[in-house]
Amino acid sequence: MHTEQEILFQRCRIGGMELKNRIVMAPMGNLADLDGGFSERQKAYYAARAKGGAALIASGSLFFTDRFGFSAAGMFCKPSHVGRLNEVADAVHRYDSKLALQFNLGGGRCGGTLSASEVPSVADPNVLCRAMTKEEIQHCVEQIGVSAALAKKGEADAILLHAYAGYLLDQFQSSQWNHRTDEYGGSLENRMRFTVELIQSVKAACGSRFPVIVKFSVTHGTKEGRQIEEGLAMCRILEKAGADAIQVDTGSFETQWNRCIPTVYEPEGYSLPAAKRVKETVKIPVLGQNKLLRPEMAVQAVTSGSCDLVALGHGLLAEPEWPNLVRQGRWEEIRPCIGCNQCLFSINNGKYFHCSVNPWLSHEEDPSYQLKKAGTPRNVLVVGGGPAGMEAAAAAAKAGHIVELWDREEKLGGNMTAAAAPSFKQDIARLIHYQEKQCELAGVKIQKGKEATVSAVLAAGADRVIVATGASAKLLPVEGREKSHVKTALDLLHGRAEAGDRVAVIGGGLVGCELALSLAEQGKQVTILEFLPDILSNGAEARNNQLAVRSLLRERKITVICGARLDRICDDHVEYLYQGKEESLSCDSVVFAVGFEPVQGLVEELRQAGLDPVAAGDARAARNIGTSIREGLFAALDLESD
């Protein structure tokens with residue numbers, strides 16, 4: 001173990017609970033049974049992170065009462081839930097880890113029509129939420145004690161109280177949304193009363209040494225929301241009320257959700273300054289979070305005095321073995337989170353957790369996802385060193401096949417190298433390095449600068465050929481597209497071309513927006529022309545990622561014109577139709593970012609030559625990184641069934 005990382009693996013305490021190290025799995029989502037109780041899938045998911053070395057596993061949100069008709073995405077309030085909790089607790093305890101249940105009261109105005117006061121709903125400002133009655137508040141105070149006692153009976157080790165991000169409990173805590181005139185409104189002490197009573201109810205039911213961790217937003221990051229000084233005053237109230245630790249969050253669902261659930265666009269460790277202020281204010285342990293994914297950042301968070309423990313969220317979805325790999329000094333083997341939030345996007349669309357870089361997420365014990373030693377090792381040729389190709393090559397080699405990987409470029413990564421070009425996308429550069437390292441460790445023979453012609457593939461004599469040749473950029477069929485100052489996003493991001501000082505980006509999807517941000521960072525004057533009524537309209541990006549992109553577009557003063565149909569490209573301007581009128585935009589560079597199409601020529605040629613290649617990733621259809629990696633894995637898994 002490196003000396004500097006030893007601090008992460010010191011034993012520590014939260015209340016009456018001893019932890020084997022300072023690494024916590026932050027609460028995220030649910031994979032519950034239909035009645036909201038823990039499922040077998042959840043047990044495998046939590047057990048994998050406990051086995052990976054996290055000292056404390058926090059569950060996703062669990063409603064501790066069913067009175068208000070909350071969704072059964074996660075529920076813990078009935079004796080029938082206890083047995084399944086105990087199964088999860090046993091699975092976590094097997095690895096000397098502890099389990100905390102996150103108790104939640106829901107989104108309030110952020111997801112329904114119940115709040116601290118009659119305030120507008122986030123979804124529809126014309127709808128006023130109903131204020132909770134005092135009787136309903138007292139029901140919650142009593143019920144959290146009942147549910148906490150059931151949790152203790154099921155051998156959970158702690159309760160984590162969800163009180164952040166502008167959700168229902170935070171609406172009580174915040175003068176922005178709490179306009180009550182009774183004892184639950186007005187002064188800060190009154191606004192904190194509900195939270196304090198919930199903490200005290202858990203303590204009364206489970207004993208003073210049973211830990212209660214409170215996750216809350218020390219600042220909302222907006223002029224109207226909570227400011228840091230009030231947040232610190234709240235910390236003192238929480239400590240006095242009996243909270244055993246505070247998990248520090250920043251931001252709010254409505255305006256800065258990307259500060260609560262971070263994206264690729266936020267800087268590393270951005271909430272640590274707030275956590276440090278909290279640590280300087282209270283004596284109880286402080287949990288720091290938000291993009292502490294690189295071991296260096298996690299170590300620095302503790303050694304700098306910003307926090308006592310580090311809470312990792314998406315980093316442990318991407319790499320369950322993060323703590324063990326850090327402790328063993330195998331940092332290059334940590335599968336990096338790329339901040340895409342496909343995990344959040346998937347559960348918000350009614351699916352199980354998906355992870356772009358970890359196809360095993362939600363399938364930890366699914367037999368169809370497990371690599372088995374090959375009964376008959378095969379000679380496998382993988383053509384293309386992008387995400388699908390590298391995943392296929394590494395997985396096939398780990399299964400015992402003899403694998404060779406060809407790529408016509410002098411470096412691996414495929415179009416991921418273009419995606420990694422902007423300064424804010426270095427997580428993808430780390431993913432490329434990780435995948436190449438996995439290929440090397442698995443014994444894949446890598447040939448860079450190797451063109452895969454049909455004759456070369458036939459001469460290789462492979463038993464199986466996996467083709468992952470990627471995708472090329474589309475162009476619109478408009479007059480002037482052949483001009484020398486017309487490029488594609490891939491041309492610029494791959495470094496094959498440069499843009500002038502005044503750039504028209506055609507297409508306001510994610511690639512077009514990110515390209516525009518990168519060009520503006522270089523001092524270019526950028527305008528996005530988007531045909532659809534709004535940018536990012538394909539519905540494939542998580543809400544917090546969209547919030548971050550839109551915020552950056554405003555900050556960098558990028559002009560966005562939606563509802564614009566490109567008609568003609570001229571030498572020093574483009575002409576487009578906007579609201580029924582012909583308009584002109586002066587520019588010296590035009591860059592297309594209007595999508596991709598698969599490069600399938602080799603697949604067809606190999607089929608005509610009598611081979612039966614397997615296409616994966618973009619070679620099948622234009623894909624995102626996650627789908628490409630998953631298809632690469634499947635191509636390797638299916639070698640045994642051929």
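Worth a mention:
- Only a single criterion out of (1) without any contact (Cβ under 8 Å) to a residue 60 or more places away in the chain; (2) under 15 Å from residue 478 (Cβ atoms) is not satisfied by residue 593, namely (1).
- Matching residues, segment 372-392, being in contact with a strand residue (DSSP E or B) (Cβ under 8 Å, 6 or more places away or on another chain) and either acidic (Asp, Glu) or free of Cβ contacts under 8 Å to residues at least 60 places away in the same chain (or both): 377
- Flag for residue 66 being acidic (Asp, Glu), in a loop (DSSP other than H, G, I, E, B) and out of contact with any Asp or Glu (no Cβ under 9 Å at 6 or more places or on another chain): yes
- Qualifying residue in segment 348-364 (condition: touching a strand residue (DSSP E or B) at 6+ places or on another chain (Cβ under 8 Å), at pLDDT 95 or above and of a type in the set (Phe, Trp, Tyr)): no
- Taking each residue of segment 300-319 that is on the phi > 0 side of the Ramachandran plot and looking for partners that are assigned to a loop (DSSP other than H, G, I, E, B) and at pLDDT 95 or above with beta-carbon atoms closer than 9 Å, six or more apart or interchain, yields 305/280.
To keep it simple, each residue is scored yes or no on (1) in contact with a helix residue (DSSP H, G or I) (Cβ under 9 Å, 6 or more places away or on another chain); (2) part of a strand (DSSP E or B); (3) at pLDDT below 95; (4) small (Gly, Ala, Ser).
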position: 565; (1), (2), (3), (4): no, yes, no, no
position: 568; (1), (2), (3), (4): no, yes, no, no
position: 575; (1), (2), (3), (4): no, yes, no, no
position: 584; (1), (2), (3), (4): no, yes, no, yes
position: 590; (1), (2), (3), (4): no, yes, no, no
position: 594; (1), (2), (3), (4): yes, no, no, no
position: 607; (1), (2), (3), (4): no, no, no, no
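- Any hit, segment 156-171, residues being of a type in the set (Asp, Glu), out of contact with any Phe, Trp or Tyr (no Cβ under 8 Å at 6 or more places or on another chain) and in contact (Cβ under 8 Å) with a residue 24 or more places away in the chain: yes
- Just one residue in the set 74, 83 is within 29 Å of residue 14 (Cβ to Cβ) and crowded, with 22+ Cβ neighbours inside 10 Å; that residue is 74.
- Of the residues 548, 540, 499, 462, the single one that is surrounded by 22 or more Cβ atoms within 10 Å (Cβ to Cβ), among the aliphatic types (A, V, I, L, M) and part of a loop (DSSP other than H, G, I, E, B) is 499.
- Output for segment 372-388, where each listed residue is of a type outside the set (S, T, N, Q) and surrounded by fewer than 23 Cβ atoms within 10 Å (Cβ to Cβ): 372, 373, 374, 375, 377, 378
- Qualifying residue in segment 274-293 (condition: surrounded by fewer than 21 Cβ atoms within 10 Å (Cβ to Cβ) and within 30 Å of residue 440 (Cβ to Cβ)): no
- Checked against (1) out of contact with any strand residue (DSSP E or B) (no Cβ under 8 Å at 6 or more places or on another chain); (2) of a type outside the set (A, V, I, L, M); (3) crowded, with 19+ Cβ neighbours inside 10 Å; (4) at positive phi, residue 186 meets all criteria but (3).
- With respect to the stated conditions, residue 413 fails to be in contact with a Lys or Arg (Cβ under 6 Å, 6 or more places away or on another chain), more than 16 Å from residue 603 (Cβ to Cβ) and either assigned to a loop (DSSP other than H, G, I, E, B) or at pLDDT below 95 (or both).
- Complete set of residues in segment 326-371 that are without any contact (Cβ under 8 Å) to a residue 12 or more places away in the chain and either assigned to a helix (DSSP H, G or I) or crowded, with 22+ Cβ neighbours inside 10 Å (or both): 346, 367
- With respect to the stated conditions, residue 67 fails to be of a type in the set (D, E, K, R) and either within 16 Å of residue 213 (Cβ to Cβ) or free of Cβ contacts under 8 Å to residues at least 24 places away in the same chain (or both).
- Scan segment 123-151 for residues that are more than 16 Å from residue 193 (Cα to Cα), aliphatic (A, V, I, L, M) and buried (at least 19 other Cβ atoms within 10 Å of the Cβ) and the total you get is 3.
- Segment 226-243, residues that are assigned to a loop (DSSP other than H, G, I, E, B) and out of contact with any Asp or Glu (no Cβ under 9 Å at 6 or more places or on another chain): 227, 242, 243
- Considering the conditions (1) crowded, with 22+ Cβ neighbours inside 10 Å; (2) over 22 Å from residue 163 (Cβ atoms); (3) among the aliphatic types (A, V, I, L, M), residue 48 is excluded by exactly one of them, (1).
- Residue pairs meeting the criteria (Cβ under 7 Å; at least 6 apart or on separate chains; first under 16 Å from residue 414 (Cα atoms) and without any contact (Cβ under 8 Å) to a residue 12 or more places away in the chain, in segment 480-502; second β-branched (Val, Ile, Thr) and crowded, with 16+ Cβ neighbours inside 10 Å): none
- Residue satisfying all of: in segment 524-537; in contact with a Gly (Cβ under 6 Å, 6 or more places away or on another chain) and surrounded by 16 or more Cβ atoms within 10 Å (Cβ to Cβ); farthest from residue 591 (Cα to Cα) among these: 535
Yes/no matrix, rows are residues, columns are (1) assigned to a helix (DSSP H, G or I); (2) closer than 25 Å to residue 351 by Cα:
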position: 92; (1), (2): yes, yes
position: 106; (1), (2): no, yes
position: 109; (1), (2): yes, yes
position: 137; (1), (2): yes, no
position: 155; (1), (2): no, no
position: 159; (1), (2): no, no
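The values are calculated or read from the model by the stated rules, or taken from the named source; none is laboratory data. These numbers come from a predicted model, not from an experiment. Here the Cβ is made from the backbone with ideal geometry for all residues, glycine too, and neighbour counts use every protein chain on show.
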